[in-house]
1. Restricting to the stretch 1-27, count the residues that are without any contact (Cβ under 8 Å) to a residue 40 or more places away in the chain and either of a type in the set (Asp, Glu) or touching a strand residue (DSSP E or B) at 6+ places or on another chain (Cβ under 9 Å) (or both).
2. Would you mind telling me which numbered condition in (1) exposed (fewer than 13 other Cβ atoms within 10 Å of the Cβ); (2) more than 12 Å from the chain's Cα centre (by Cα); (3) not β-branched (Val, Ile, Thr) Lys77 fails?
3. Ile88 versus (1) crowded, with 16+ Cβ neighbours inside 10 Å; (2) modelled with pLDDT under 95; (3) assigned to a loop (DSSP other than H, G, I, E, B); (4) not charged (D, E, K, R): which is the lone unmet condition?
4. Looking only at the stretch 19-44, which residues are loosely packed, with under 14 Cβ neighbours inside 10 Å, in contact with an Asp or Glu (Cβ under 8 Å, 6 or more places away or on another chain) and among the hydroxyl-bearing types (Ser, Thr, Tyr)?
5. Among all residue pairs at least 6 apart or on different chains, which show Cβ distances below 8 Å where the first residue, located in the stretch 31-53, is modelled with pLDDT of 95 or more and the second is of a type in the set (Ser, Thr, Tyr) and assigned to a strand (DSSP E or B)?
6. Those residues that are small (Gly, Ala, Ser) and at pLDDT below 95, I need them from the stretch 60-84; list them, please.
7. Looking at the stretch 55-84 only, could you name the residues that are part of a helix (DSSP H, G or I), under 15 Å from Val38 (Cα atoms), aliphatic (A, V, I, L, M) and out of contact with any helix residue (DSSP H, G or I) (no Cβ under 6 Å at 6 or more places or on another chain)?
Amino acid sequence: MSDFATIHLHGTDLASRTTAAALRAEVIAASKAGLVTVNFSSVESVSESYADESFGVLADEFGLEWVTEHVRFEGIKPEVLRALAEAIYRRGQNGQIAA
């Protein structure tokens, strides 16, 4: 990967599965050009459903290794990172994430 893209999230509290699915699609499209940085600077919280629909499903579809190789988080608060990690973990516990 020789290029990168930055996605800036807007809003302080993200909760919509529809918005999360749109972010997931944007990350997938941007990853074709290289590394994707998702900027969470304005985000104070995310719901469990947002975390699951965005990065839980992304990890489910492509695998955890793909996510760690293609996506970086910038300006993310610890509680937001925890919510994303828990969503990915729950999918893994349910046997949904490919090794």
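The values are calculated or read from the model by the stated rules, or taken from the named source; none is laboratory data. Predicted, not measured: the structure shown is a model, and the values here were computed from it. Glycine gets a Cβ as well: all are built from the backbone with ideal geometry, and neighbour counts include every protein chain shown.
1. Step one: of the stretch 1-27, the residues without any contact (Cβ under 8 Å) to a residue 40 or more places away in the chain are 2-5, 7-26.
Next cut, either of a type in the set (Asp, Glu) or touching a strand residue (DSSP E or B) at 6+ places or on another chain (Cβ under 9 Å) (or both) only: 2-5, 7-9, 12-15, 20, 23, 26.
Summing the residues that are without any contact (Cβ under 8 Å) to a residue 40 or more places away in the chain and either of a type in the set (Asp, Glu) or touching a strand residue (DSSP E or B) at 6+ places or on another chain (Cβ under 9 Å) (or both) in the stretch 1-27 gives 14.
2. Just one mismatch for Lys77, condition (1).
3. (3) is the only condition that Ile88 fails.
4. Step one: of the stretch 19-44, the residues loosely packed, with under 14 Cβ neighbours inside 10 Å are 22, 25, 29, 32-34, 41-42, 44.
Add one more test, that the residue is in contact with an Asp or Glu (Cβ under 8 Å, 6 or more places away or on another chain), and what stays is 33-34, 41, 44.
If the condition is that a residue be loosely packed, with under 14 Cβ neighbours inside 10 Å, in contact with an Asp or Glu (Cβ under 8 Å, 6 or more places away or on another chain) and among the hydroxyl-bearing types (Ser, Thr, Tyr), then Ser41 is the only one that fits.
5. Qualifying pairs under 8 Å: Val36/Thr6; Thr37/Thr6; Val38/Thr6; Asn39/Thr6.
6. Initially, the stretch 60-84 is screened for residues small (Gly, Ala, Ser), giving 63, 75, 83.
Across the stretch 60-84, the qualifying residue is only Gly63.
7. Correct list: Val80, Leu81.
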